[in-house]
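The values are calculated or read from the model by the stated rules, or taken from the named source; none is laboratory data. Every value quoted in this text rests on a predicted model; they were computed, and no experiment measured them. Glycine also receives a Cβ, built like all others from the backbone with ideal geometry; neighbour counts cover every protein chain displayed.
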Amino acid sequence: MILVVLLLAAALIFGPQWWVKRVMRRYAEPKDRYPGTGGELARHLLDKLGLDEVRVERTEDMGDHYDPRDRVVRLSPDNFDQRSLTAITVSAHEVGHAIQHADAYEPLIWRTRLVEMMTRWQRIGVILIGLVPVVLLLLRLPAAGLGLALIGLATLASGILIHFVTLPTEFNASFKRALPILVKGGYLKREDRWPARRILTAAALTYVSASLMGLVNFWWWLRILRPG
C-alpha cells in the first residue's frame, strides 16, 4: 500500500513536468516548419497590436517568460531562433501575457505583485534555514532553531501556492489571447491547430510543474530538519 501511494505521489509530482517537456520536444521538429522564427513572430505580433514599446529578447538561462516590470518578452534560444511549431506557439503565449499587461488584466497584476513579494520572502527563508545549524549546534537553542526552520519552510512553500492560485492567468494567456491570434491571423497551418492547443496547455502548466518539483525540495528540507 505504501509503495502504491509513493508511486502515485511520484506520478503527480513528476508527471506534469515530464508531459510538458515531452510536448515541447515533440513539436520542436521540424525546426523550419514556419517561415519566421519565434522571435520574429513575437516582434511582429507586438508591433501589430501597437505594443512596440515591449522588447523581445533572447535569454540563455531565464526561460520563456514575459517580464511586466521591464516590459520584455524573453524567449529561450530554441524558441527565439527556430521556426518550429513549438517556437511560434510559445512565443504567442508570452505575447499573450504582454497583451494582458496592456489591458491591465487584474489577475496578472496581482500575480506580479505576489511573485515580487514572495521572491523577497523566499530569499529570507533560505537565509533562515541556513541559520538553523548555527542556532542548534553553536547556540544550543533547539526551540529557536525549530522556529527558524518552520518560518523558512513556510516562505519556501509560499511560492508553490502562488503558482497554483495564478494558474487561470496562464490559461487566459494561452486560450483567450494567443490561440485566437494564431488562428484568426492565419499564422497556424490548419493541421497544427490541435497540436498548438497541446503546446499552449503545456506552456500554461510550466509553472505548475516547476511548483510540484518545489514540493520535492520542500519534502527534502523537512527530512533534513526533522528531529531525530
Check on ARG43, at pLDDT below 95 and surrounded by fewer than 22 Cβ atoms within 10 Å (Cβ to Cβ): no
I'm checking my understanding of the structure. Among residues of region 27-74 that are of a type in the set (Phe, Trp, Tyr) and out of contact with any strand residue (DSSP E or B) (no Cβ under 6 Å at 6 or more places or on another chain), which one is nearest to LEU188 (Cα to Cα)? TYR34
Do any residues in region 44-59 that are on the phi > 0 side of the Ramachandran plot have Cβ atoms under 9 Å from those of residues that are modelled with pLDDT of 95 or more and in a helix (DSSP H, G or I), where the two are at least six apart or on different chains, and which pairs are they? GLY50/ALA102
Taking into account only those residues within region 78-94 that are over 12 Å from HIS65 (Cβ atoms) and aliphatic (A, V, I, L, M), which is surrounded by the fewest Cβ atoms within 10 Å (Cβ to Cβ)? LEU85
For region 65-77, enumerate the residues that are surrounded by fewer than 22 Cβ atoms within 10 Å (Cβ to Cβ) and not β-branched (Val, Ile, Thr). HIS65, ASP67, PRO68, ARG69, ASP70, ARG71, ARG74, SER76, PRO77
Take region 44-85 and flag every residue that is within 14 Å of ALA203 (Cα to Cα) and more than 16 Å from the chain's Cα centre (by Cα). LEU85
State all residues of region 80-108 that are without any contact (Cβ under 8 Å) to a residue 12 or more places away in the chain and aliphatic (A, V, I, L, M); if no residue qualifies, say none. ALA104
Check off (1) under 18 Å from the mean Cα position of the chain (by Cα); (2) in contact (Cβ under 8 Å) with a residue 40 or more places away in the chain; (3) surrounded by fewer than 21 Cβ atoms within 10 Å (Cβ to Cβ) for GLY36 and give me the number that stays unchecked. (1)
